[in-house]
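**Student:** This is the structure I have questions about; it appears just below.
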Amino acid sequence: MNDSEFHFQGNPDLLPDSGSTSWSAPSNIALVKYWGKYPVQLPANPSLSFTLEACATRTTLEFEKVSEHASSLADTDKLKVFLDGQPAPDFEPKIYKFLERISPYMPFVNGLKLRLNTGNTFPHSSGIASSASGMAALSLCLLEIEKQLDPHMDSLRFSRKASFLARLGSGSACRSIEGGLVLWGAAEGVPGSSDLYGITYPGETDPVFQTYHDTILLVDRGKKEVSSTAGHGLMEGHPFAQARFQQARENISRLEDILKRGDLNAFCELVEVEALSLHALMMSGEPSYLLMKPGTLAVIEKVRRFRKESGLPLCFTLDAGANVHLLYPGALSAKVYPFIQQELLSYAQDGAHICDRVGKGARPLTLHRRNN
Ligand code: PMV
């Protein structure tokens, strides 16, 4: 895997004594899922996602130069993390590990003292993973520092390297930089696709897909019993692994055709098969586990019945958890949202849900807006 294009090309002497950068990065929901990987954070199959808008992480990174000579980040107490203004030392080991992993591509981080202030737009205990949006926001803040050292860096290199770094923090995070539909992983016949970073899906796409809504039902707001990291690990030696990777590759090429034709019924079928295949892998691994809850299944059945009876292309997808993402074209929301309210919200904890939609991707925040 040739990662040489991501080596540092700037001038370390341009590093200011201190400064701060601030970015907002969105969450994303995969239509074709990534499940199973190779070191380091390389996907076993390509995946394709909708970038979301409302669910996002906002991060401000304050930095200070601490030494002329690079030293190991882990050696000293150089990182402090705050979540919603409160000290969050539990996050620090994961971020140290990330910084160590990216330091070959960003050697100047070794000489920085960092203070990271982060917060999510979605509730903390919502069962929605913040690792994708969080790692994307942090990577963008770091890239913003690098840009000061490498003033000629163009916007393509900026976002591509941000995606490359985010991937090293959490695989799916590399799909949280660009907006719309994002493809991660080398896909046959898709020019520019790569295992190293996510790209804006380059294929012809019916405009309806830019209008999609994602109403997320918070069926279970607890912490997941099995982490995604452990789940990816269980794909090693999984009896269905090779068949799954092949299925995902085929689903990417089927989805290309569906996106082009705007075939919403075929879209529903494919997206639901992907979601259930992901959970089937969890149920059929060793040890086997189950992340769906009774409410998840009840919602699935009602969505399918609604689709059959109304003919409207409402479908569901699932992350590695019990919450249900309900996907539908924006133009249908006057018909679909009342159904969600009347028939499905009772399966969400305290009726909790998030009205999200396909978004435009990460954006810089000014420091002045941090407290707005
Ligand atoms: O990025 P990770 O390691 O948290 O894995 C995410 C895996 C799924 O969310 C289940 C699927 C995906 O493609 O986002």
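**Student:** Can you tell me which residue is farthest from the ligand (Cβ to nearest atom) among those in the stretch 147-163 that are crowded, with 24+ Cβ neighbours inside 10 Å and over 11 Å from TRP23 (Cβ atoms)?
**Tutor:** For the stretch 147-163, the residue satisfying everything is LYS161.
**Student:** Related question: Find the residue count for the stretch 165-181, including only residues that are more than 10 Å from the ligand (Cβ to nearest atom), farther than 15 Å from ALA137 by Cβ and buried (at least 23 other Cβ atoms within 10 Å of the Cβ). Give the steps one after another, and end with the answer.
**Tutor:** So in the stretch 165-181, the residues more than 10 Å from the ligand (Cβ to nearest atom) come out as 165, 168, 177-181.
With the extra rule that they be farther than 15 Å from ALA137 by Cβ, the set shrinks to 180-181.
Add one more test, that the residue is buried (at least 23 other Cβ atoms within 10 Å of the Cβ), and what stays is 181.
Total satisfying the criteria: 1.
**Student:** Let me ask something additional. PHE108 - would you say it is out of contact with any Pro (no Cβ under 6 Å at 6 or more places or on another chain) and of a type in the set (Phe, Trp, Tyr)?
**Tutor:** no
**Student:** If you check THR205 against the conditions, is it surrounded by 14 or more Cβ atoms within 10 Å (Cβ to Cβ) and touching a strand residue (DSSP E or B) at 6+ places or on another chain (Cβ under 6 Å)?
**Tutor:** For THR205, the condition - surrounded by 14 or more Cβ atoms within 10 Å (Cβ to Cβ) and touching a strand residue (DSSP E or B) at 6+ places or on another chain (Cβ under 6 Å) - is not met.
**Student:** Which of the numbered conditions does ILE128 fail, given that it passes all the others? Conditions: (1) in a strand (DSSP E or B); (2) of a type in the set (A, V, I, L, M, F, W, C); (3) crowded, with 19+ Cβ neighbours inside 10 Å.
**Tutor:** (1)
**Student:** Right, something else. Would you mind finding the one in LYS308, LYS335, LYS360, LYS260 that is touching an Asp or Glu at 6+ places or on another chain (Cβ under 6 Å) and among the charged types (D, E, K, R)?
**Tutor:** On the way: LYS308 fails: touching an Asp or Glu at 6+ places or on another chain (Cβ under 6 Å); LYS335 fails: touching an Asp or Glu at 6+ places or on another chain (Cβ under 6 Å); LYS360 fails: touching an Asp or Glu at 6+ places or on another chain (Cβ under 6 Å).
Going through LYS308, LYS335, LYS360, LYS260 in turn, the sole match is LYS260.
**Student:** Now a separate question. Hand me the list of helices (runs of 4 or more DSSP H) wholly inside the stretch 199-318 holding 3 or more residues that are within 16 Å of the ligand (Cβ to nearest atom) and touching a residue at least 12 places away in the same chain (Cβ under 8 Å).
**Tutor:** Working: elements: 228-233, 241-261, 264-284, 294-310.
Per the criteria, 228-233, 241-261, 264-284.
**Student:** Here's another thing I want to ask about it. Yes or no: the stretch 327-334 includes at least one residue that is crowded, with 22+ Cβ neighbours inside 10 Å, within 23 Å of MET292 (Cα to Cα) and in contact (Cβ under 8 Å) with a residue 60 or more places away in the chain.
**Tutor:** yes
**Student:** Same structure, new question: Please tell me if ALA248 is small (Gly, Ala, Ser), in contact with a Phe, Trp or Tyr (Cβ under 9 Å, 6 or more places away or on another chain) and at pLDDT 95 or above.
**Tutor:** yes
**Student:** Can you pull out the residues in the stretch 89-115 that are crowded, with 20+ Cβ neighbours inside 10 Å and either touching a Phe, Trp or Tyr at 6+ places or on another chain (Cβ under 7 Å) or among the polar types (S, T, N, Q) (or both)?
**Tutor:** MET106, LEU112, LEU114
**Student:** Additional query: Going residue by residue through the stretch 84-107, is there one that turns out to be touching a residue at least 40 places away in the same chain (Cβ under 8 Å), farther than 20 Å from ALA136 by Cα and in contact with a Gly (Cβ under 8 Å, 6 or more places away or on another chain)?
**Tutor:** no
**Student:** Scan the stretch 1-53 residue by residue and report those that are within 16 Å of the ligand (Cβ to nearest atom), hydroxyl-bearing (Ser, Thr, Tyr) and outside any strand (DSSP E or B).
**Tutor:** TYR34 - this is the single residue of the stretch 1-53 that is within 16 Å of the ligand (Cβ to nearest atom), hydroxyl-bearing (Ser, Thr, Tyr) and outside any strand (DSSP E or B).
**Student:** While we're on this one: Assess whether SER22 counts as being of a type in the set (Ser, Thr, Tyr) and touching a residue at least 60 places away in the same chain (Cβ under 8 Å). Outline the logic, then answer.
**Tutor:** Working: of a type in the set (Ser, Thr, Tyr): yes; touching a residue at least 60 places away in the same chain (Cβ under 8 Å): yes.
Yes.
**Student:** Next question, about the same structure. Going through GLU100, GLU144 one at a time, which residue ends up being more than 15 Å from the ligand (Cβ to nearest atom) and farther than 21 Å from GLY19 by Cβ?
**Tutor:** GLU100
The values are calculated or read from the model by the stated rules, or taken from the named source; none is laboratory data. For clarity, every value in this text was computed on a predicted model and none was experimentally measured. Virtual Cβ from ideal backbone geometry, glycine too; neighbours counted across all protein chains shown.
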